[in-house]
Amino acid sequence: MSDLNKKISIQKISDSPSINTEDYVAVEEPLEIQICSPKKDLSAAKSLSITMRTPGNDHELAIGFLCSESIISGYKDIDSITSIGEIQNKDGLQNIVRVTLNQSVDFDPSDLERHFYTTSSCGVCGKTSIEAIRAKGIKVNSSKFSIKKEKIIDLPKNLKKQQESFLKTGGLHAAGIFNSDGEILLAREDVGRHNAVDKIIGAMALNNDLPGKNRGLIVSGRTSFELMQKTIVAGIPIIVAISAPSSLAISLAEEYDITLVGFLRGGNFNIYSGSQRVSR
């Protein structure tokens with residue numbers, strides 16, 4: 001078994017007689033993200049989030065989540081990050097990530113009034129609002145990033161080449177970072193589309209590539225408000241989705257001048273906001 005998929009026994013039903021066989025399913029495990037301040041000792045670590053995720057790239061997921069929530073601006077704000085807790089399998093899987101912030105971060109975990117619980121389907125349900133985004137003082141994206149429509153049309157095909165576990169299980173979302181030539185520079189898979197994006201943002205933070213003003217984000221599903229929030233906070237000027245965006249995602253894209261592309265299927269797609277970044 002890899003971290004992303006697991007082989008199980010199934011009964012396959014079709015027009016022919018049923019057969020007993022084996023198949024792969026996506027792995028889903030809880031991950032607790034703990035955070036502590038340099039002003040507190042490690043015993044004072046606070047549980048910030050419990051998310052249902054596909055194991056793998058857990059440190060990226062934790063860093064990306066903290067960036068998305070504007071708790072940190074990048075990896076430079078972290079003093080240490082480590083996996084702890086009971087080992088779950090022979091691969092050494094642990095389901096707790098503890099992040100210690102450095103002295104430059106003005107954050108005290110004892111001030112946390114909210115305990116995040118995120119599922120693999122909806123992320124931090126009911127937590128965010130447009131007012132909360134505005135309160136963070138995030139500026140309108142002024143990136144001059146541009147991409148040709150032909151390169152956008154090729155993005156799903158390019159992303160699928162890096163979706164190894166999806167091809168086995170059919171049960172994982174994917175997110176990818178691309179450049180103006182439509183090349184997928186980085187891809188991650190997860191049962192939760194928000195987790196896949198957090199892993200991408202965390203990897204960008206580790207590579208000192210935030211804000212991502214010269215990058216685009218592609219997601220394998222729809223663009224929700226939460227994914228738009230993460231795009232804005234990461235400074236990424238364009239998000240491309242295979243499916244449709246929500247009305248709130250469109251409103252936020254318009255407010256922050258994010259190029260929002262959806263219904264990317266075959267040779268067609270819709271532009272809901274920021275059409276100036278797509279050249280025809």
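The stretch between K46 and E150, if pulled fully straight at 0.36 nm per residue, gains 32.7 nm over its current Cα-Cα span. Remark: the stretch 256-269, residue by residue, has Karplus-estimated 3J(HN,Hα) of 9, 6, 9, 6, 10, 10, x, 6, 7, 9, x, x, 10, 7 Hz, where x stands for each Gly or Pro and the curve is 6.51 cos²θ - 1.76 cosθ + 1.60 at θ = phi - 60°.
Here the Karplus relation 6.51 cos²θ - 1.76 cosθ + 1.60, evaluated at θ = phi - 60°, turns the backbone of the stretch 204-219 into coupling constants of 5, 4, 5, 8, 6, 10, 10, x, x, 5, 10, 10, x, 10, 10, 10 Hz, with x for every Gly and Pro. Loop-located GluC sites (Glu not before Pro) across the stretch 166-275 with a Cβ neighbour count of 10 or fewer within 10 Å are lacking, with loop assigned by DSSP. Here the 3J(HN,Hα) profile of the stretch 157-164, calculated from phi with Karplus coefficients 6.51, -1.76 and 1.60 at θ = phi - 60°, is 4, 5, 5, 4, 4, 9, 9, 4 Hz, Gly and Pro shown as x.
With 22 Å as the limit on Cα-Cα distance, the pairs of K6/K46; K199/K230; K76/K213; K139/K230; K149/K213 that go past it are K6/K46.
Values quoted throughout were computed directly from the atomic coordinates according to the rules given, and no laboratory measurement underlies them. This one's a predicted model, so the numbers in the text were calculated from it and none came from an experiment. Glycine gets a Cβ as well: all are built from the backbone with ideal geometry, and neighbour counts include every protein chain shown.
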